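The values are calculated or read from the model by the stated rules, or taken from the named source; none is laboratory data. As the structure is a computational prediction, the values presented were derived from the model and not from experiment. Note that each Cβ is placed from the backbone with ideal geometry, even for glycine, and that neighbours are counted across all protein chains shown. Accessible surface is based on the protein model in full, side chains and every heavy atom, while ligands, DNA and RNA are left aside. Shrake-Rupley method; radii C 1.70, N 1.55, O 1.52, S 1.80 Å.
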Amino acid sequence: MSRSFLFVPADSERKLAKAASAGADALIIDLEDSVASAARPAARQRAVEFLQTDRPAETWVRINPLHSADAGKDLQQIMPGAPFGIVLPKPTGAQAAIELGKMLDVLEKDNCLAQGSTRILPIATETPAAIFHLHEYAGATERLAGITWGAEDLSAAVGASSIRDADGRWLPPYELARTLCLFAASAAGVAAIDTVFTDFRKLDALAEYAAQSRRDGFAGMLAIHPDQVAVINEAFVPTAAELQRARQIVALFEESPGSGALSIDGEMIDRPHFEQARKILEHATRPKHTRQ
């Protein structure tokens with residue numbers, strides 16, 4: 001799964017032109033929040049034109065909420081461009097991803113695309129009702145590529161005046177949503193993607209937050225500005241020391257496949273450590289994976 005997902009407004013030719021060189025692992029061409037309703041017809045046209053150019057292979061499109069009047073129009077116009085996947089905003093639960101999958105079945109056939117090729121990434125915490133359905137993503141659709149979360153729409157829905165405390169930490173309701181996203185993704189066997197860090201000028205604070213995200217188990221992070229991309233990419237790369245230790249752990253268990261617990265450097269490790277080490281090495285399949 002990608003480390004960095006950069007949102008790009010579909011109504012901005014300038015930002016679309018710069019997006020491919022931003023260094024993000026994935027782009028999200030946005031037809032929802034960053035595009036005014038009146039500008040969406042032109043934005044859809046720019047989006048499909050971008051998809052039909054020599055663009056990054058992992059280019060997603062965030063459509064409008066599934067049951068809005070705009071969602072069907074978004075899908076009809078962009079699917080000829082064969083996006084890598086659809087970012088689904090404001091789902092009330094996994095049923096929305098299932099419904100989107102059925103729509104994609106038809107559109108892939110109509111556009112001569114490989115059946116099941118278009119992935120789905122739900123922003124799974126943007127409505128209060130959605131919080132109570134996060135467990136339903138497990139086994140819901142084979143199109144599910146990951147699960148991400150958002151705080152702004154959720155806070156607006158409950159009437160909150162703030163989502164972070166004076167030190168910039170998530171307030172308890174939004175820390176809960178973040179944690180549940182992480183667990184829901186793990187239960188579904190897909191990547192958990194952390195939400196945006198909105199103050200794009202504070203790159204040191206972003207680096208600290210992104211490092212915490214990887215520590216907690218997130219596989220990547222959303223970005224709203226090109227300057228954030230390099231910071232996020234760096235944070236989600238295992239260090240050389242982490243890779244060396246992971247290789248040692250994997251080698252130990254491969255040498256003793258029947259063992260439940262082993263010792264390394266005076267520390268007892270067991271099967272969960274083995275699985276964690278394997279995941280670290282899987283991340284190392286990306287280019288430029290080690291850092292000091």
Task: Number of positions in segment 3-41 that are open to solvent by 10 Å² or more (accessible area, probe 1.4 Å) and either in contact with a Cys (Cβ under 7 Å, 6 or more places away or on another chain) or touching a residue at least 40 places away in the same chain (Cβ under 8 Å) (or both) - done: 8
Task: Lone qualifier among Val48, Val61 - being buried (at least 23 other Cβ atoms within 10 Å of the Cβ) and closer than 27 Å to Gly23 by Cα - done: Val61
- [ ] Mind listing whichever residues of segment 218-253 are over 25 Å from the mean Cα position of the chain (by Cα) and over 23 Å from Gly189 (Cβ atoms)?
- [x] Ala241, Gln244, Arg245, Arg247, Gln248, Ala251, Leu252
Task: segment 268-284, residues that are at pLDDT 75 or above, over 20 Å from Phe236 (Cβ atoms) and open to solvent by 80 Å² or more (accessible area, probe 1.4 Å) - done: Met268
Open item on the list: Could you tell me how many of the residues in segment 225-236 are touching a strand residue (DSSP E or B) at 6+ places or on another chain (Cβ under 9 Å), more than 15 Å from Gln212 (Cβ to Cβ) and surrounded by fewer than 19 Cβ atoms within 10 Å (Cβ to Cβ)?
Closed with: 3
TODO: May I ask you to verify whether Ile264 is in contact with a Leu (Cβ under 7 Å, 6 or more places away or on another chain), among the β-branched types (Val, Ile, Thr) and either open to solvent by 50 Å² or more (accessible area, probe 1.4 Å) or over 17 Å from Ala26 (Cα atoms) (or both)?
DONE: yes
Open item on the list: Every residue in segment 72-92 that is within 22 Å of Leu154 (Cα to Cα) and touching a strand residue (DSSP E or B) at 6+ places or on another chain (Cβ under 9 Å), please.
Closed with: Ile86, Val87, Leu88, Pro89, Lys90, Pro91
